[in-house]
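The values are calculated or read from the model by the stated rules, or taken from the named source; none is laboratory data. Computed from a predicted model, the values in this text were never measured in an experiment. Backbone-built Cβ (ideal geometry, glycine too); neighbour counts: all protein chains shown. Ligands, DNA and RNA are stripped out before the accessible areas are found, and what is left, the full protein with its side chains, is counted by its heavy atoms. Shrake-Rupley method; radii C 1.70, N 1.55, O 1.52, S 1.80 Å.
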Amino acid sequence: MRVAVLHNAVAADALPEDQDTLVQANAVSRALTRLGHDPQLVSCTLDLSALQTELKRLGPEVVFNLVESLADADSLLHLPVALLDTMRLPYTGSSTESLFITTHKLLGKQCMRRAGLPTPDWVKCERRPSSPVCASGDRRLASGTSCGDGLTWIIKGVWDQGSRGLDDDAVVANVPMDDLRQRLWQRCSDTGRPCFAEQFIEGREFNLAVISGPNGPEPLPPAEIEFNTFPSGKPKIVGYRAKWCDDCFEYQNTPRRFEFDDSDTNLLQRLRVLSLDCWRLFGLRGWARVDFRVDAADQPWILEVNANPCLSPDAGFAAALARASMGYDEAIRRILEDTRR
């Protein structure tokens, strides 16, 4: 079967997270070849007309979608999939709508909150620092109130993937709401991208990968990120340096583990259930990953849902596959088969 392996174009001087796009595209292509298919790498830019022409020329039977951003904007990753919809070309992974909603972290959180799924409270940056929107528990607080004074927050980009802009300074503790609003406004002004503050959950960090199967989605073994060697006072987060700076302290001291004591049995089952709840809520397909924090009371909180997590052989998804004794080629076969269903 002819398969177009679609990925965002990567410049020679691109950042590590963008260069990793080529690593996974090549890995997927090799797996498809081993499975007996005919893969063709296709790079994608904002010139969707050119992409349409190239796909018509190649005539693939299916597109393996690995696009993670366009023109350095994660907010545009759904556009190539929207084009595939109009071309009526089948593609792997989640739909245009699912990609858009899950990539926009606030839309995703709002959907989870409405569905009764646990996600941390948040404060949204509006056009003026004096008018935030705060979601706290089941109540909606008017602008100008002291929602969340004294709590710890983590500032994130609304669209940013791969922990972009996430460092120790993003964690803000014990500040009045007015100060938090000002920091949000400053971050938006400095980066030119929307951001929000999410209540920081002190505790453990997990992620759980899900893959399609012949009988529906299957959760892979949960993974916990360990912060055991972090010094006191250093925020225990998986920031940009932990993901992409291989000679940094954070990268070298955030190992993942898959082995747990019996005391975690109920928690791990709860994570599996919540991951499948997210799969169904957002109409996911192919493969996905759900990120969690777990507080001191063993209450899991869903941070975000990644509808197209990295498939590089050294990434967390591949590690979960190995833990489940599922070969990389088998995973690619399942993802491809899911397009036929």
| query | Which of ALA209, ALA242, ALA296 moves the most in a Gaussian network model of the chain with Cα springs under 10 Å? | reply | ALA296
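Can you work out the accessible area per residue across the chain, with the rest of the protein chains kept in place, probe 1.4 Å, in square angstrom?
Heavy-atom accessible area per residue stands at 45 Å².
Can you tell me the length gained on complete extension of the stretch SER232 to ARG280, counting 0.36 nm per residue apart and subtracting the Cα distance?
Numbers: separation 48, 0.36 × 48 = 17.28 nm, distance 3.91 nm.
Full extension from SER232 to ARG280 adds 13.4 nm.
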| request: Pop out the carbon and sulfur fraction of the accessible area of the stretch 232-337 as a percent, whole number, probe 1.4 Å. | output: 45 percent
| note | Sorted largest first, the C-alpha extents of the stretch 143-250 along its principal axes in whole angstrom are 51, 34, 26
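From Cα pairs below 8 angstrom and at least 6 apart in sequence, can you work out the relative contact order of the stretch 1-83, rounded to a whole percent?
Values: 113 pairs, mean separation 36.1, N = 83.
Rounded, it is 43 percent for the stretch 1-83.
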| Most to least accessible of SER163, SER263 (protein chains only, probe 1.4 Å) | SER263, SER163
| note | Highest GNM mean-square fluctuation among ASN174, ASN65, ASN306, for the chain with Cα springs under 10 Å, belongs to ASN174
| message | Pick from ARG270, ARG30, ARG88 the residue whose mean-square fluctuation is largest in a GNM of the chain, springs joining Cα atoms under 10 Å. | response | ARG88
| How high is the relative contact order of the chain, in percent, with contacts defined as C-alpha pairs under 8 Å that are six or more residues apart? | 19 percent
| field | Sequence-distant residues sharing a close amide H with ASP38 (under 5 Å, placed H) | value | ARG2, VAL3
| request: Report the label-to-label distance for PHE249 and LEU107 in nanometres (one decimal), using points 7 Å from each Cα along the Cα→Cβ vector. | output: 3.9 nm
| said: Given bins 5 angstrom wide, list per bin the percent of all Cα-Cα distances in the stretch 229-341, short to long. | reply: 2, 9, 15, 21, 21, 17, 9, 4, 1, 0, 0
| task | Could you check what % of the DSSP bridge pairs in the stretch 1-79 are antiparallel, to the nearest 5? | result | 10 percent
